[in-house]
Amino acid sequence: MVGEQEFLHTQFQNYYKNARIESVPDIHTREFGIGEFGKKIVKRHLSFSNQNEFNAFLETVVPFYISYSTALYQYPGKFPMEAKKYVAADLVYEFDAGDMPRADQLMKFFWKCSECQESGKGMRKACTNCGGKTSVQKWITKEILEETKKETFRLLAVLENELGIREGISINFSGNAGYHVHVRNSTIRELSPEARIEIVDYLSGMNLMPESHGFYAEGKRIHAPDTQTSVGWNKRIVEKLLELLEKENVEELATYGHAPVTKVKNFLKNKDAHITTITEQKMLPPLPGKSSEQFWFSLIERIVEQQAIKLDRQVSTDIKKILRVPDTIHGSTGLPAQTVDRESLKSYNPLTEAVVLPADESVGVFIDSAPQCIVGGQRFGPYDQSHEELPLFAAVYLVARGAAVLDGKT
Ligand SMILES: [Zn+2]
């Protein structure tokens, strides 16, 4: 892969020659780590005293991946970690396609045998030809990127509306399969590691106890929080319960409340009275029979599961973590980890917009196998053992992903 590596290096260098990356605030306090072809981190504990030095480094060294510490240190380049003298840390959240609940349905998977080179669609662990070990490639789709964006929006809503965090929020595409959210402000930076874990628990609904959120049984009565004054999870759960009743969502009520459909249908005949019980008396109306408590608490459990934000827990709680520098190139795709304005996020489509390499040059490649993919707003593939002349950015995408080699080499 030497030729390919050199090819990518040249393209990435051309980008860094013309780009000015100033996405890391307080740059002199950050630790950096870099990766090379196929390895995301090969070296850590790098530091730069200013933006000029950093940009000169990008242009000359051309790292395939470059990440920075969410933490700010007094001596970021020192090692071991304690010698860096921790000062503070930003909050970061990562949403990756692979972590989404519907990743298996919405992503495309290709397997390849490492012994006989046989390949095919799907997630096979053993080769259909020789039984050998396979490696599985995941390909993103518009749909899975939309899912990760939805989670990003859910996070922003909770940060802003429930936790009152509005200052210093910066969002970027990850350069591959998701989004990163950076929160940088003085209040956040002072948070202890325990407080960071607490926030992540809150966001992800981890170990959420309904009793702590206004839902508790007292004899045969089940209390609910005040719909007028409740906030946060209390509000979200009670509103969702009301919505299920309002919309007479028999299927969901029966399935997740573990109750027979006929019973739920009968129960809904007094829908309006039930809604009043919740909103006026702050009680969950009893379901006939013994299963009332189980019914409501199962529903609450399901609502929490649905509303839990699907973030990468480790990224948000580990203050030693380093994360891709926004606007730098992701070495597995050749796409930039593009910063996106909060206002543009809704209409942002990385498959169309996250391209920084030229479209007016073309390169001959041999593509082993690849599903249809969209890069730079254009559709490519599907390919199977195919020689193609592609625009530079698309050739880089396939070569960086390891799905193609430069033509003339096979
Ligand atoms: Zn095989």
Could you give me the ³J(HN,Hα) list for segment 84-95, computed from phi with Karplus coefficients 6.51, -1.76, 1.60 and θ = phi - 60°, whole Hz, x at Gly and Pro?
6, 6, 4, 10, 6, 8, 6, 9, 10, 10, 10, 10
Let me know the Rg and Dmax you get for segment 1-48 when you use only its Cα atoms, in Å.
13.1, 37
Binning at 10 angstrom from zero up to the longest distance, how are the C-alpha pair distances of the chain distributed in percent?
4, 19, 24, 22, 16, 10, 4, 0
Radius, Kirkwood style, for segment 238-285 when every pair of distinct Cα atoms is counted (Å):
10.7
Using 1/(1 + (r/R0)^6) with R0 = 51 angstrom and r between the beta carbons of residue 26 and residue 378, what's the FRET efficiency to the nearest 0.05?
0.85
Taking the alpha-carbon centroid of each part, what is the distance from segment 358-410 to segment 3-78 in angstrom?
26
Taking a threshold of 29 Å on the Cα-Cα distance, which of the pairs 138/247; 84/149; 108/150 fall above it?
138/247; 84/149
Carbon and sulfur: what percent of segment 5-150's accessible surface (1.4 Å probe)?
48
Across segment 103-117, in residue order, what do the Karplus-derived ³J(HN,Hα) couplings come to in whole Hz, using 6.51 cos²θ - 1.76 cosθ + 1.60 with θ = phi - 60° and x for Gly and Pro?
3, 4, 7, 9, 9, 9, 10, 10, 10, 9, 6, 7, 9, 9, 6
Three-way shape label, segment 247-380, alpha-carbon gyration tensor, a/c 1.5
prolate
Using a Gaussian network model on the chain with a 10 Å cutoff between Cα atoms, which of 260, 285, 371 fluctuates the most?
260
Once amide H atoms are built 1.01 Å from N in the peptide plane, which residues 5 or more positions from residue 222, or in another chain, come under 5 Å H to H?
284
Stokes-Einstein D for segment 237-322 (25 °C, 0.890 mPa s, Kirkwood Rh from Cα pairs), in µm²/s, comes to 172
Under a 1.4 Å probe, what is the accessible area of the chain per residue, stated in Å²?
48
Amide proton proximity set for residue 328, modelled H, under 5 Å, gap of 5+:
337
Applied in sequence order to segment 382-396, the curve 6.51 cos²θ - 1.76 cosθ + 1.60 (Karplus, θ = phi - 60°) yields integer Hz couplings, x standing for Gly and Pro, of x, 10, 9, 6, 10, 8, 9, 9, 10, x, 3, 4, 6, 4, 4
How compact and how long is segment 143-247, expressed as Rg and Dmax of its alpha-carbon atoms in Å?
16.7, 54
Within the accessible area of segment 342-392 (1.4 Å probe), percent carbon and sulfur
44
For residue 85, counting only lysines whose alpha-carbon sits under 18 Å away and dropping same-chain residues fewer than eight positions off, the answer is 320, 321
Return the carbon/sulfur percentage of the accessible area of segment 236-300, one whole number, probe 1.4 Å, all protein chains in place.
50
Could you calculate the contour length gain from residue 146 to residue 281, that is, 0.36 nm times the residue separation minus the distance between their Cα atoms, to one decimal place in nm?
44.6 nm
Quote the charge dipole size of the chain about the Cα centre in Debye, to the nearest 20; the model charges only the Cβ of Lys and Arg (+1) and of Asp and Glu (-1).
760
Suppose R0 equals 35 Å; then what is the FRET efficiency for residue 136 and residue 228 from their Cβ-Cβ distance, rounded to the nearest 0.05?
0.10
Which aspartates and glutamates does residue 39 reach when only Cα atoms under 17 Å apart count, and residues fewer than 8 places away in its own chain are ignored?
4, 6
Taking a quarter of the surface of the convex hull around the Cα atoms of segment 167-310, what do you get in nm²?
11.1
Cα point-scatterer Debye curve for segment 322-396, base-10 log of I(q)/I(0) at q = 0.11, 0.25, 0.27 Å⁻¹:
-0.32, -1.20, -1.30
Selected from 129, 349, 172 as most flexible by GNM, with the chain as the system and alpha-carbon contacts under 10 Å:
129
Just the Cα atoms of segment 292-335, one point each, no solvent: what log10 I(q)/I(0) does Debye give at q = 0.19, 0.31 Å⁻¹?
-0.77, -1.01
Given the options 167, 280, 59, which has the most mean-square fluctuation in a GNM of the chain, springs set between C-alpha atoms less than 10 angstrom apart?
280
Place a point 7 Å from the Cα of residue 85 along the Cα-to-Cβ direction; which residues of segment 11-33 have their backbone N under 14 Å from it?
29-30
Under 5 Å between amide H atoms, partner at least 5 residues away or on a different chain: which partners does residue 363 have, H built in plane at 1.01 Å?
390, 392
How big is the gap, in Å, between the Cα center of segment 202-263 and the Cα center of segment 273-301?
8
Per-residue accessible area for residue 356 at 1.4 Å probe radius, Å² rounded to 10?
50
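The values are calculated or read from the model by the stated rules, or taken from the named source; none is laboratory data. As the structure is a prediction and not an experimental result, all values here were calculated from the model. So basically every Cβ, Gly included, is an ideal-geometry build from the backbone, and we count neighbours across all protein chains shown. Ligands, DNA and RNA are excluded from the accessible area calculation, which covers all protein heavy atoms including side chains. Shrake-Rupley method; radii C 1.70, N 1.55, O 1.52, S 1.80 Å.
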